[in-house]
Every structure is written in C-alpha cells, then in structure tokens.
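Only one structure is covered here, and it is reproduced in the block below.
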Amino acid sequence: MSNTPVRVRFAPSPTGPLHMGGVRTALYNYLFAKKHNGTFLIRIEDTDQTRFVPGAQDYIMDALKWCGIMPTEGPGLGGDFGPYIQSERKEMYRPYADELIKNEKAYYAFDSSEDLSQMREQALKMGMPNWQYNNVTRGSMQNSLSLPADEVQRRLDNGDPYVIRMKMPRNVDVRFEDEIRGWVVVNTNNVDDKVLFKSDGMPTYHLANIVDDHLMKITHVIRGEEWLPSAPLHVMLYEAFGWDCPKFAHLPLLLKPDGNGKLSKRDGDRLGFPVFPTDWKSEDGEIYTGYREQGYFPEAFINMLAFLGWNPGTTQEIFSLDELVASFTLDRVAKAGAKFDPDKTKWFQQQYLRGAENALLAEKLNIVLDNKYSLDKLTVVCGLMKERATFIEDIWTEGSFLLERPIEFDEQTVNKKWKDESEALMAEWSTVLSSIDSFVAENIESTFKTFLAEKELGIGAVLPLFRLLLTGKGMGPSMFEISEFLGKDECIARISIGITSLQKV
Ligand code: GLU
C-alpha cells in the first residue's frame with residue numbers, strides 16, 4: 001500500500017445543501033490527501049433519482065470553493081477517472097451486477113413493493129417489528145433462490161420487474177480494521193440482503209459506491225459514521241469481486257451543543273447559528289442561513305470544523321489550512337461524537353479577524369460600505385476597532401464614529417456622568433487640547449494627565465465625558481488614538497457640538 005498513491009473521495013448525494021458535517025468530511029479528506037501528496041476527488045452520488053434536488057450539486061461545489069478545499073478531480077474539474085457523476089456512469093454498473101449473479105453472490109428478486117409491505121405487516125402482527133429480507137426470510141420470497149430455474153427464466157424473459165439483491169451468507173463474521181475505530185466485526189446474520197440494482201435500471205448506492213471506488217482507485221474511504229453499518233456489506237462486495245478493499249475511516253458524528261443527538265439541518269435556525277456553509281434557498285423559498293453570509297471568514301470556519309472530531313495533541317488552536325495539512329492524522333480523530341459549540345465558533349472568527357491585516361479588513365469593510373470612504377481611513381478604523389469586533393460589520397457598528405460625527409449619545413453614560421459642571425469642564429479641556437502643537441496620541445495623553453493633576457480629578461471623572469462627546473459611546477478604544485485620528489479641529493468641533501446637543505437633552 002505504501003507505494004500506492006493516496007486517492008480519496010468526497011461522495012455527496014445531491015439531495016440538498018451540504019450540512020457542516022458534510023463539509024467536515026470533505027475537509028478531512030482534503031487534509032489527508034494533501035498530507036500524503038495524494039488526490040482528493042469529488043464524486044456525485046445521484047443514483048437515487050427520487051431524492052435529487054436541483055441546485056444541490058452547484059451548491060456543494062460553490063461551498064467547497066468558498067472553504068478553499070476544492071478537489072482536483074470531479075465534475076467540471078477534469079480527471080482521468082470520469083465521469084464523476086454516477087447517473088452519467090449508469091451503463092457501467094450492470095455488468096458488475098451480472099457478474100455477482102453469475103458467481104452466485106447475488107440473486108434476482110421479483111417481489112413487488114406491495115409484497116414487501118405485506119410481509120412487514122404480517123411480521124409486525126406476529127410481534128416482529130423489524131422484518132428484513134435476509135438469509136432466513138428470502139426462502140419464502142419470490143426470488144431466483146426460492147423459485148425453480150425455469151420460472152425465473154420465464155419471468156426474466158417476460159420482462160417482469162426485479163431487483164438484484166446481495167446474497168448474504170449465513171453466520172459469517174465479517175471483519176475489517178477501521179483507521180479510527182480499530183477492528184469492527186459484524187456477523188452476516190445481522191445484515192440484510194441489500195438491493196444492489198434497482199428495477200429502474202440504476203444501481204443502488206452500495207453497488208455504485210464500491211464499483212466506483214474500485215475504478216477510481218480510491219485507497220482510503222473517509223466518511224461519516226452513519227455509513228459504518230454499511231461497511232460490512234461493502235467489504236463483502238470487494239471480496240465478491242476479488243478486489244482489494246480500501247482502508248476505511250468512519251468519522252464521529254457532529255452532536256447538538258447539549259450533546260443530545262445529531263446536529264440536524266433544523267437545529268441551526270432553531271438554536272440561532274448556521275449549520276450550512278453558505279445560504280441555501282429551499283424549493284419552497286425558505287432560506288437556511290450560511291456561515292459565509294453571516295460574515296464568517298472561511299479560514300475561521302474551516303479551523304473550527306477541523307477541531308470537531310480531531311485535535312493536534314497540543315494546546316495550539318489556530319491553524320491555517322497548511323498547518324492543518326501538516327498536523328492532520330487519522331489516529332487523532334476521535335471515536336466519540338463531537339459537540340458543536342456556537343460560542344467557540346464565534347471565538348475562532350474573532351481570532352481570525354484580530355489576526356488579519358488591517359488593510360485586508362479595510363478592503364472587506366469597503367465593500368460593505370459601498371466605497372464610501374478612503375481605504376487609508378478604513379485601514380486605521382479597522383486597526384483601532386478589530387480587537388472589539390467579531391465580524392467585519394461590527395467594526396462599523398462600533399467604530400462608525402471615527403468617520404461620522406455621533407448623533408446620539410449613550411444614555412447610560414449621560415445619566416451617570418453628565419453633571420451640571422461637565423459643560424464647563426469639557427470647554428476647558430477643549431481649550432487645553434487646542435494648545436497642543438503636535439497632535440499625536442502621546443502628547444494628547446500627557447497633556448490629559450497634566451490636566452487631571454491640575455484639576456485634581458480622577459481619570460473616571462473626565463475621560464468618559466471626553467469619550468461621550470467625541471464618540472457618543474460609553475466604551476471604546478484609546479481616546480488618545482481616537483483623538484489623533486480625528487485631528488485637533490475635529491476634536492474641538494465635536495466637543496462643542498456635543499455640549500450643545502447635551503444641553504438640549
Ligand atoms: N453518497 C453517500 C453520502 O451521501 C456517500 C457515502 C460514502 O462516502 O461512501 O454521504
């Protein structure tokens with residue numbers, strides 16, 4: 001195996017938008033491929049045409065692009081193993097189903113869906129709620145194992161509808177070593193005779209998945225835990241074809257923040273955080289919010305996702321994609337479900353915003369503000385405000401005063417701090433300010449300290465008033481830096497306008 005080039009795939013079904021659990025599966029595949037200089041491909045598994053949702057495939061590709069984890073082979077991307085959409089490979093699967101029939105690993109089953117529901121109902125009445133088509137019950141069903149050969153032939157010649165089912169042997173232990181879970185052993189008595197090929201001429205997920213993983217030379221199958229129960233069947237299919245089995249790694253579930261059950265599509269809007277990478281508009285017009293539209297940076301989203309089920313074994317939490325590639329190993333992926341933490345998700349975003357270059361943030365803010373201000377000014381605004389923001393928009397909500405005079409004054413601060421003598425005090429401070437020659441933060445600060453000393457006042461008696469008049473707020477970044485940015489004339493003007501406004505209150 002060591003000389004075989006690593007090839008992994010992300011194999012979503014286009015049945016709707018990609019849930020963040022799906023993005024995590026794609027991410028771990030991406031990281032694993034890059035780490036081993038291998039290939040990460042995407043295959044669209046659309047054999048279940050009844051669940052096909054228009055727009056889902058484009059959504060998936062767009063979401064992966066936004067996350068920066070694009071595969072290098074796939075629909076529209078090229079690659080030597082295409083087509084990468086299963087419905088476009090339809091004709092390729094039938095010979096494999098025939099081969100299984102020939103080798104007596106599979107059989108024709110003619111039972112109609114009415115027959116099957118009847119069996120289920122009967123079983124239910126007899127106190128068996130989980131009736132299965134399996135190595136015990138198949139003897140009393142209509143299939144090529146129970147019917148005489150000439151009857152089977154007659155039905156086939158007649159064009160009677162049928163499916164092809166896997167013939168599970170009795171009482172065989174199927175074992176495989178999962179890269180995350182270790183040895184998994186399942187007895188075939190607990191596995192039903194899954195349909196491999198449907199009456200509509202399409203393979204089911206199981207057959208198509210195995211055939212494609214083989215033809216696409218997949219070395220590692222990294223996918224969600226929900227596929228673990230299907231793995232024994234898949235292992236048996238590889239054996240039935242005489243093919244090498246890829247390695248399996250089943251990723252832990254993503255759990256709701258309280259740990260009670262799987263994180264579902266509906267949880268997002270119910271609990272107030274997105275579960276989708278980007279906005280999704282359902283067919284009935286409902287919008288499911290995405291991280292992108294909520295203002296998250298893709299780097300923060302990816303960093304957060306990487307930690308849902310994996311950890312580096314150190315205390316480092318902020319990882320660029322390249323660092324994740326370097327550190328990622330499957331043996332550090334947990335077996336237990338990973339609890340999603342909305343607060344931690346915000347924390348990651350905050351860290352990325354704080355760590356970003358001011359000029360870069362300014363470019364993003366500029367888009368939000370429709371190019372209304374110069375980039376130079378916005379760069380300073382971002383530098384002053386980013387410590388207090390989580391999203392780009394917060395920089396403006398909290399810091400618009402830097403470019404626009406305040407029209408409102410924080411009520412709480414006014415009530416608490418604006419006293420009868422405040423007007424005179426601020427007027428005096430304004431005069432002192434106007435005497436500063438070089439109007440830079442350092443000088444403003446030392447002048448302020450001298451002013452406090454002369455007036456025998458504490459900082460709390462003056463600074464909040466100064467802040468109130470200049471910014472309209474009760475809190476914010478350094479007043480000396482703000483003052484330098486605004487410039488002497490603007491500071492003096494704001495003090496005077498502020499005083500007038502507060503007189504009216
Ligand atoms: N099509 C399956 C899904 O939608 C893929 C499972 C697998 O990776 O084998 O999740």
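The values are calculated or read from the model by the stated rules, or taken from the named source; none is laboratory data. In this text the structure is predicted, and so the values were computed from the model without any measurement. Cβ atoms come from the backbone with ideal geometry, glycine included; neighbour counts cover every protein chain shown.
For segment 182-197, enumerate the residues that are surrounded by fewer than 18 Cβ atoms within 10 Å (Cβ to Cβ) and in contact with a strand residue (DSSP E or B) (Cβ under 6 Å, 6 or more places away or on another chain).
Pass one, segment 182-197, residues surrounded by fewer than 18 Cβ atoms within 10 Å (Cβ to Cβ): 182-185, 187, 189-190.
Those that are surrounded by fewer than 18 Cβ atoms within 10 Å (Cβ to Cβ) and in contact with a strand residue (DSSP E or B) (Cβ under 6 Å, 6 or more places away or on another chain): Trp183, Val184, Val185, Asn187.
Among the residues of segment 29-46, those that are of a type in the set (D, E, K, R) and within 12 Å of the ligand (Cβ to nearest atom) comprise Arg43, Glu45, Asp46.
Scan segment 1-46 residue by residue and report those that are more than 20 Å from the chain's Cα centre (by Cα) and either crowded, with 24+ Cβ neighbours inside 10 Å or assigned to a loop (DSSP other than H, G, I, E, B) (or both). Before you say what the answer is, go through the steps one by one.
Going residue by residue through segment 1-46, those that are more than 20 Å from the chain's Cα centre (by Cα) are 1-7, 35-39, 46.
Across segment 1-46, the qualifying residues are Met1, Ser2, Asn3, Thr4, Pro5, Val6, His36, Asn37, Gly38, Asp46.
Table: residues versus (1) farther than 23 Å from Arg266 by Cβ; (2) out of contact with any strand residue (DSSP E or B) (no Cβ under 6 Å at 6 or more places or on another chain).
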| residue | (1), (2) |
| --- | --- |
| Arg9 | yes, no |
| Gly22 | no, yes |
| Gln49 | yes, yes |
| Gly55 | no, yes |
| Asp62 | no, yes |
| Lys65 | yes, yes |
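For segment 79-96, the count of residues that are assigned to a strand (DSSP E or B), in contact (Cβ under 8 Å) with a residue 40 or more places away in the chain and under 23 Å from Ile210 (Cβ atoms) is nonzero. The one condition from (1) over 42 Å from the mean Cα position of the chain (by Cα); (2) exposed (fewer than 15 other Cβ atoms within 10 Å of the Cβ); (3) of a type in the set (Lys, Arg) that Arg155 does not meet is (2). Here is the figure for segment 47-66: residues that are surrounded by fewer than 22 Cβ atoms within 10 Å (Cβ to Cβ), within 14 Å of the ligand (Cβ to nearest atom) and not in a helix (DSSP H, G or I) total 3.
Limited to segment 222-244, what total is found for residues that are outside any helix (DSSP H, G or I) and away from the ligand (no atom under 13 Å from the Cβ)? So the count comes out to 3. In segment 198-216, the qualifying residues are those that are surrounded by fewer than 18 Cβ atoms within 10 Å (Cβ to Cβ) and not in a loop (DSSP other than H, G, I, E, B), and the one that is nearest to the ligand (Cβ to nearest atom) is His214. Apart from one condition, Leu308 fits all of (1) crowded, with 18+ Cβ neighbours inside 10 Å; (2) assigned to a helix (DSSP H, G or I); the exception is (2).
Scanning segment 7-28 for residues that are at pLDDT 95 or above, of a type in the set (Val, Ile, Thr), more than 12 Å from the ligand (Cβ to nearest atom) and farther than 13 Å from Ile302 by Cα turns up nothing.
I need a count of the residues in segment 97-124 that are part of a loop (DSSP other than H, G, I, E, B), of a type outside the set (A, V, I, L, M, F, W, C) and over 16 Å from Leu237 (Cα atoms). So that I can check it myself, show each step before the final result.
Going through segment 97-124, the residues part of a loop (DSSP other than H, G, I, E, B) turn out to be 103-105, 110-112.
If we keep only those that are of a type outside the set (A, V, I, L, M, F, W, C) too, we end up with 103-105, 111-112.
Filter once more, so that each one left must be over 16 Å from Leu237 (Cα atoms): 111-112.
Qualifying residue count for the region: 2.
Listed by first and then second residue, the pairs linking a residue in segment 223-235 that is closer than 19 Å to Ala26 by Cα to a residue that is near the ligand (Cβ under 8 Å from one of its atoms) and modelled with pLDDT of 95 or more, with Cβ atoms under 7 Å apart and 6 or more places separating them unless they lie on different chains, are Arg223/Thr25; Gly224/Thr25. Only a single item in (1) at pLDDT 95 or above; (2) assigned to a loop (DSSP other than H, G, I, E, B) is not met by Asn371, and it is number (1). Every test in (1) within 16 Å of the ligand (Cβ to nearest atom); (2) under 22 Å from the mean Cα position of the chain (by Cα); (3) surrounded by 19 or more Cβ atoms within 10 Å (Cβ to Cβ) is passed by Tyr84 save one, and that test is (2).
Kindly evaluate Thr219 against the criterion of being hydroxyl-bearing (Ser, Thr, Tyr) and more than 16 Å from the ligand (Cβ to nearest atom).
On the way: hydroxyl-bearing (Ser, Thr, Tyr): yes; more than 16 Å from the ligand (Cβ to nearest atom): no.
No, not satisfied.
For segment 403-442, taking the residues that are farther than 30 Å from Ser374 by Cα and among the acidic types (Asp, Glu), the one that is surrounded by the fewest Cβ atoms within 10 Å (Cβ to Cβ) is identified as Asp420.
Table: residues versus (1) farther than 27 Å from Phe32 by Cβ; (2) acidic (Asp, Glu); (3) surrounded by fewer than 17 Cβ atoms within 10 Å (Cβ to Cβ).
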| site | (1), (2), (3) |
| --- | --- |
| Leu321 | no, no, no |
| Asp331 | no, yes, yes |
| Leu360 | yes, no, yes |
| Lys377 | yes, no, yes |
| Leu384 | yes, no, no |
| Glu387 | yes, yes, yes |
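Taking the stated definitions as given, is Asn260 part of a loop (DSSP other than H, G, I, E, B), more than 14 Å from the chain's Cα centre (by Cα), away from the ligand (no atom under 15 Å from the Cβ) and over 29 Å from Glu91 (Cα atoms)?
On the way: part of a loop (DSSP other than H, G, I, E, B): yes; more than 14 Å from the chain's Cα centre (by Cα): yes; away from the ligand (no atom under 15 Å from the Cβ): yes; over 29 Å from Glu91 (Cα atoms): yes.
Judged against the criteria, Asn260 is a match.
Pairing each residue of segment 140-153 that is under 20 Å from Lys105 (Cβ atoms) and touching a residue at least 12 places away in the same chain (Cβ under 8 Å) with any residue that is surrounded by 19 or more Cβ atoms within 10 Å (Cβ to Cβ) and of a type in the set (Ser, Thr, Tyr), provided the two are 6+ apart or on different chains, yields C-beta distances under 8 Å for Met141/Tyr133; Asn143/Tyr107; Asn143/Tyr108; Ser144/Tyr107; Ser144/Tyr108; Leu145/Tyr107; Val152/Tyr108; Val152/Ser144.
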